[in-house]
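S.K.: Got a structure here, written out as structure tokens. Questions coming.
No lab work stands behind these numbers, since they all come straight from the coordinates. From a predicted model like this one, the values you see are computed outputs, not experimental measurements. Cβ: placed from backbone, ideal geometry, glycine included. Neighbour counts: every protein chain shown.
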Amino acid sequence: MKNILIISAVVLVLLVGSSWFARSNSGSSSGGTVISTNGFHWHPKLELYVHGEPVAIPQNIGLSGTHSPIHTHDDLPLIHMEFSGRVTEDETRLGVFFSHWGRDMRSFGDTMIMKVNGVENTEYENYHMKDGDVIQLYYE
């Protein structure tokens, strides 16, 4: 009986300790600040213009081979952000989408202006996309 109590106490201490450790490190890991622990399904919109002309974003970016949480379907220019579980800001960066596309965000022209919801933004690749965002990239 004494051994069962000791083992139970050790297990309890380990569970409490690991839970505390996970919570204390969740916002400071290399993945950036945690923005959700239960996942989400967001839909920012991305519009590209080169010399004033719209550029079509391909369907099914992020869906060939493995299913990326950031991808496109046929309802362009929506980007689907379908995450489950823990999600960090770093995982929602605009640059992640371009990486899945296999394109350099700056390869469309010599100069780039970015607007998010109508306001100029200079975060570019580092911008953390959010649900309902309208992101416009203008290249010359």
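S.K.: Over the stretch 34-139, what portion of Cα pair distances is larger than 20 Å, expressed as a whole percent? Don't skip to the answer; put the middle values down first.
M.R.: Numbers: 1922 of 5565 pairs.
So the pairs more than 20 Å apart make up 35 percent of the total in the stretch 34-139.
S.K.: Quick query: amide H of residue 61 versus all other amide H atoms, modeled in the peptide plane; which residues come in under 5 Å with a sequence gap of 5 or more or a different chain?
M.R.: 72
S.K.: Please give the residues of the stretch 65-97, grouped as numeric ranges, whose backbone N is less than 15 Å from a label point set 7 Å along the Cα-to-Cβ vector of residue 130.
M.R.: Output list for this probe position: 89-90, 92-94.
S.K.: Turning to a different aspect of this structure: Excluding residues fewer than 8 places away in the same chain, name every one of the aspartates and glutamates whose C-alpha is closer than 12 Å to that of residue 45.
M.R.: 75, 131, 133
S.K.: Please work out how much length the chain gains when fully extended from residue 4 to residue 73, using 0.36 nm per residue of separation minus the C-alpha to C-alpha distance, in nm with one decimal. Walk me through the numbers before you get to the answer.
M.R.: On the way: separation 69, 0.36 × 69 = 24.84 nm, distance 5.52 nm.
Between residue 4 and residue 73, full extension yields 19.3 nm more.
S.K.: Sticking with this one: Order of 91-98, 34-41, 129-136 by packing, highest average Cβ count within 10 Å first? Provide the component values of the computation, followed by the final result.
M.R.: On the way: 91-98: 20.6, 34-41: 13.0, 129-136: 16.2.
Most protected by this proxy first, the peptides run 91-98, 129-136, 34-41.
S.K.: Whole-Hz Karplus ³J(HN,Hα) for the stretch 132-140, in order, using 6.51 cos²θ - 1.76 cosθ + 1.60 and θ = phi - 60°, x for Gly and Pro?
M.R.: x, 4, 10, 9, 10, 10, 10, 10, 10
S.K.: What list of ³J(HN,Hα) couplings, whole Hz, do you get for the stretch 99-115 from phi and the Karplus terms 6.51, -1.76, 1.60, once you set θ to phi - 60° and write x for glycine and proline?
M.R.: The phi angles translate into 4, 5, 6, x, 10, 7, 4, 9, 8, 8, x, 6, 10, 9, 10, 10, 10 Hz.
S.K.: Step through the residues of the stretch 54-67 one at a time and calculate ³J(HN,Hα) from phi using the Karplus curve (6.51 cos²θ - 1.76 cosθ + 1.60, θ = phi - 60°), rounding each to whole Hz and writing x for Gly and Pro.
M.R.: For the stretch 54-67, the Karplus-derived couplings read x, 10, 6, 8, x, 6, 6, 5, x, 10, 7, x, 9, 8 Hz, x marking Gly and Pro.
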